[in-house]
1. Quick one: which of F25, F67 is touching a Gly at 6+ places or on another chain (Cβ under 6 Å) and either modelled with pLDDT under 70 or farther than 23 Å from G173 by Cα (or both)?
2. Please determine, by comparing only the residues of the range 480-503 that are of a type in the set (D, E) and surrounded by fewer than 15 Cβ atoms within 10 Å (Cβ to Cβ), which one is modelled with the highest pLDDT.
3. Looking at (1) surrounded by fewer than 20 Cβ atoms within 10 Å (Cβ to Cβ); (2) modelled with pLDDT of 95 or more; (3) among the charged types (D, E, K, R); (4) part of a helix (DSSP H, G or I), which one does D176 not meet, given that it meets all the others?
4. Mind listing whichever residues of the range 446-461 are of a type in the set (A, V, I, L, M, F, W, C), touching a residue at least 40 places away in the same chain (Cβ under 8 Å) and part of a helix (DSSP H, G or I)?
5. Outside any helix (DSSP H, G or I) and either modelled with pLDDT of 95 or more or more than 16 Å from the chain's Cα centre (by Cα) (or both): is that true of V50 in this structure?
6. Within the range 405-425, can one find any residue that is surrounded by 14 or more Cβ atoms within 10 Å (Cβ to Cβ), touching a Lys or Arg at 6+ places or on another chain (Cβ under 6 Å), modelled with pLDDT of 65 or more and not aliphatic (A, V, I, L, M)?
7. From the list D462, D443, D402, exactly one residue is at pLDDT 95 or above, touching a Lys or Arg at 6+ places or on another chain (Cβ under 6 Å) and acidic (D, E). Which is it?
8. May I ask you to list the residues in the range 147-173 that are surrounded by fewer than 18 Cβ atoms within 10 Å (Cβ to Cβ), within 20 Å of I487 (Cβ to Cβ) and either touching an Asp or Glu at 6+ places or on another chain (Cβ under 8 Å) or modelled with pLDDT under 95 (or both)?
Amino acid sequence: MKNINKYLILLIFVIAFNGCNDDEFLTAEYYQGVVDVNFLTTPSHAKPAVTGVYDVLSYMGISWDKFILGSSAADDIVEQHGDANWASLIAIDQYRWVPEEQGNPKHIWKYWQAYYAGIQRANLVLEKLPALEGMNETLKTRYIAEVKALRAYYYYNLVIAFGDVPLILKPQGYNDAINITRSPEADVWAQIITDLTEAAADLPDSYDSQDDAGRVTKGMANALLDQVYLWQKDWAKAEAAAKKVIDSPAGYSLESNYADLFNGVSEYSKENIFTAMRAADGERQNIWSDYLNETNMVIYWGPFASWSWFYQPDTNFVRHNTYIDATDYRIDTITYDVEHELYDLNNDGDFTNDQIYLAPPGNIHMMKWVPVNTDLTTGLKWSGGYGNIDQALIRLSEVYLDYAEALVQQGSNTSTAIEYINKVRRRGGASDITTTDKQQLLDIILNERKVEFCFEGKRFFDLKRAGKLKEVLGPLGWKDYMVNYPIPQEEIDLTQMTQNNGY
């Protein structure tokens, strides 16, 4: 319990460099808060060091537990696994949140440690890289901007989940870590805005080389800024940031087929603004190409037999949503519902004989991030063998809805807001909305987000930002103090932090 290496700031695997080649540099251990003096001392170290800051996007806490905290805790996913080994996952769904999680894995703690691992890596790079001699200054400036944008993203996800969190901007050693306290939420938001504003100024709109696929861009920084300003209720700045993305020279556009965003067909879609890359093999080149065959984490759910017994689409959402148009095909194309058989499981054009071995409770499988042409009719499948679909973290459809919300909140240009809501709805086959009532439009946007980003770990945080947690989740067992997740008890024990109220 008292091994500080296991917790918070010191979970770093990319930082030490002691006579390693570039591959070893990416995976070397960082031990007891000591950074090797040879870390980031030559230009050849810069790329793997920056890649290491991206690497945490593949951690469980980000690729898995983020979804669980955002969707299992909400009303688009229900947990029915029942296995004692997954007690903490069931506890998230049933609103039995405690600082000392029982069972394995510990989802709240892994979420926390993954983002702080990314922050520590970012801080180390930002401390060392500016003074690095002999490096192309233009590339150095871009790398610094990339790392600032990533640090902002990691802090963003921490502050929306926990409220006040430690704001750490320098590398931490053992003595620093054990004396950490929580910073006011306002200070964290201010730093996020600073990082994103500075990053946006130095990031390119896009990259010429496919080898750079997955790197953050000016569009990513502005898209995240628009979301930050929505949380701050600064509607005018949210509008301006979103409009920069919409008008970007990168030429973002909606993918014509919604399902293709998740089945591997359109992973490099012009809709994807910020993506966690999952593989770098064969023709699928990206930021990882120089270092890894495949990133070290995958999506661990989907219609893979026993794995479907958790992270299951809620039947009330999939089958009984009165606000989803009958013509809206989005839910049908990313779920396999045994009762309706509207998903072409093995892509043979015939729905009648499709089936998945061992259906879960409720008979609904979540099909996002399942590669097209995967035949799951022949028995048990292990999801790790198929989890190489890239995960879009920010898409243009989200920016469209953000833009519409900012306009509606200001009570101006309602016709433009309706236009952008309908762009998203039309792509999904839904009918146009016409109301100009402010509250109705805000409700429509919130509901539209539930459908468009279902199962992607956004719903709980959308409800929190909208002030709708009690209204929507209260009947399911959510309690007022659960507006923030508990700080993991391991972190309380090892530092000077205090706990969130109610826990």
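1. F67
2. Residue satisfying both the conditions and the ranking: D480.
3. The failed condition is (2).
4. V451, F460, F461 - these are the residues of the range 446-461 that are of a type in the set (A, V, I, L, M, F, W, C), touching a residue at least 40 places away in the same chain (Cβ under 8 Å) and part of a helix (DSSP H, G or I).
5. For V50, the condition - outside any helix (DSSP H, G or I) and either modelled with pLDDT of 95 or more or more than 16 Å from the chain's Cα centre (by Cα) (or both) - is not met.
6. Checked the range 405-425: no residue is surrounded by 14 or more Cβ atoms within 10 Å (Cβ to Cβ), touching a Lys or Arg at 6+ places or on another chain (Cβ under 6 Å), modelled with pLDDT of 65 or more and not aliphatic (A, V, I, L, M).
7. Going through D462, D443, D402 in turn, just one is at pLDDT 95 or above, touching a Lys or Arg at 6+ places or on another chain (Cβ under 6 Å) and acidic (D, E): D462.
8. Across the range 147-173, the qualifying residue is only G163.
The values are calculated or read from the model by the stated rules, or taken from the named source; none is laboratory data. Remember, it's a predicted structure, so these values are computed and weren't measured experimentally. Cβ coordinates were reconstructed from backbone atoms using ideal geometry, including for glycine residues, and neighbour counts include every protein chain displayed.
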